[in-house]
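No value in this document is a laboratory result; all are computed from the given coordinates. Small disclaimer: the values here were computed from a predicted structure and weren't measured. A quick note on method: Cβ atoms are made from the backbone with ideal geometry, for glycine too, and the neighbour counts reach across all protein chains shown.
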Amino acid sequence: MKAIIIGGGIGGLCAAIALKRCGIETEVFEAVKEIKPVGAAISIWPNGVKCLNYLGMKEPLRRLGGPMHYMAYQEYLHGHTLTRFSLDPLIASVGERPYPVARAELQAMLLDTYGRDNVRFGKRVNGLEETQDGVIAWFEDGSQTHGDFLIAADGTHSAIRPYVLGHGVERRYAGYVNWNGLVTIDESIAPADQWTTFVGEGKRVSLMPVSGNRFYFFFDVPLPTGLAEDRSTVRADLQRYFAGWAEPVQKLIAALDPDTVNRIEIHDIEPFEQLVRGRVALLGDAGHSTTPDIGQGGCAAMEDAVVLAIALQTNSLGIEDALLRYQEKRSYRVKDLVLKARKRCDVTHGKEMEITRSWYEELKTETGERILSGMKETILGGPLA
């Protein structure tokens with residue numbers, strides 16, 4: 001049995017590794033000549049960590065992960081702590097810890113695990129056809145390949161999604177812009193073992209430790225789409241949007257390297273239930289593009305890969321049947337994650353400022369129990385709970 005996998009990002013490589021471990025032949029095709037991960041880092045929560053453990057990357061992941069033991073929210077003007085609590089109760093209840101990791105290092109770990117030479121770069125798909133015995137995919141360079149089934153892990157702008165759904169879908173602007181990057185840890189900005197978030201005015205400034213004595217940072221600002229801003233104006237933009245914010249925020253803005261900061265307008269896609277058509281299945285952002293507000297986008301792709309491989313390995317009624325069982329197990333789960341992230345996005349980014357202000361007030365009496373309970377529910381909804 002042979003799988004064609006379109007897309008060499010997190011989802012595509014996890015799928016390739018998972019299927020290869022099941023004895024399924026795989027070919028991975030990536031449109032770009034060199035993968036440059038979107039975003040500086042990613043928080044891999046325990047449901048995603050368990051998937052990577054299952055796929056044989058337990059020890060490499062631990063070397064990449066930052067020591068995130070606490071979580072805190074800070075008031076934006078003076079930096080006063082609104083709440084601070086340990087993540088230990090969450091870890092004890094779900095059986096694994098979270099690992100913030102640099103995206104480039106995660107991508108390298110996945111490529112090393114699968115085999116870099118097994119990924120065909122510069123292969124942009126421009127057509128496919130299902131036949132009696134499988135799927136043919138064509139590429140813009142005139143080449144083609146044939147497999148028993150095809151996995152579309154080609155991201156939020158998926159070229160294959162219209163084939164599966166029978167129509168195109170529009171991405172929905174979530175209403176805010178995110179700047180993110182990596183910076184050397186400075187404990188006068190935030191503790192080195194803590195996820196620290198400054199909140200106010202519907203904006204966020206957040207820092208997480210990753211390996212190599214670095215913080216992953218991000219700034220969120222509710223803004224209209226399409227503003228003429230890029231890396232050349234990063235520092236001035238952030239100084240303007242965060243004028244008057246606490247000294248640690250100003251130190252962070254001064255410390256960052258504008259040439260390495262990503263500016264991303266955040267979108268998602270309205271959830272849909274169909275992930276499969278015949279021998280073609282959507283995986284990762286191609287099937288459930290979400291905002292990053294609950295840190296589950298990458299984790300959901302990892303879950304997809306594990307569920308897909310298990311479905312193909314454990315069912316013997318044919319490929320189409322196995323793919324439908326994958327769809328059945330994933331449709332509700334990924335819809336729930338997209339909508340949870342959207343709800344969190346609206347609260348934290350001031351869609352209705354009265355609700356956002358109420359959340360700020362709630363943080364002053366937060367012991368961690370409510371926040372960790374919500375995280376636990378999301379984590380234990382994964383396939384390897």
Unit Cα scatterers, Debye sum, the chain: log10 I(q)/I(0) for q = 0.08, 0.10 Å⁻¹: -0.41, -0.64
Quick one, what does Rg over Rh come out to for segment 50-157 if you take C-alpha atoms and the Kirkwood Rh? 1.17
Rg/Rg_globular for segment 170-310, with Rg_globular taken as 2.2 N^0.38 Å and Rg from C-alpha atoms: 1.22
Could you tell me how far the Cα centroid of segment 175-204 sits from the Cα centroid of segment 285-347, in Å? 29
Largest-first ellipsoid semi-axes for segment 243-379, taking √(5λ) over the Cα gyration tensor eigenvalues, angstrom: 37, 19, 14
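P(r) tail for segment 1-97, what percent of Cα pairs lie past 16 Å?
Working: 3221 of 4656 pairs.
Everything past 16 Å amounts to 69 percent.
Can you say what percent of the DSSP beta bridges in segment 1-136, counting only those with both residues inside, are antiparallel? Round to 5. Intermediate results must be reported in sequence, preceding the final value.
Working: 12 of 19 bridges.
Rounded to the nearest five, the antiparallel share is 65 percent.
Starting from the exponent 0.38 and prefactor 2.2 Å, build the expected Rg for segment 308-368 from its residue count and divide its actual Cα Rg by it.
Taking the Cα Rg and dividing by 2.2 N^0.38 Å, one obtains 1.87.
Sorted by average packing, counted as other Cβ atoms within 10 angstrom per residue and highest first, what order do 354-367, 196-209 take?
Working: 354-367: 13.4, 196-209: 22.4.
The peptides rank, most packed first, as 196-209, 354-367.
Taking each full run of DSSP H in the chain as one helix, which ones are at least 24 Å long along their axis (Cα atoms) and have mean Kyte-Doolittle hydropathy of at least -1.0? Intermediate values should be presented prior to the final figure.
Working: long enough: 297-314 (26 Å, 1.22); 319-348 (42 Å, -0.83).
Length and hydropathy pass: 297-314, 319-348.
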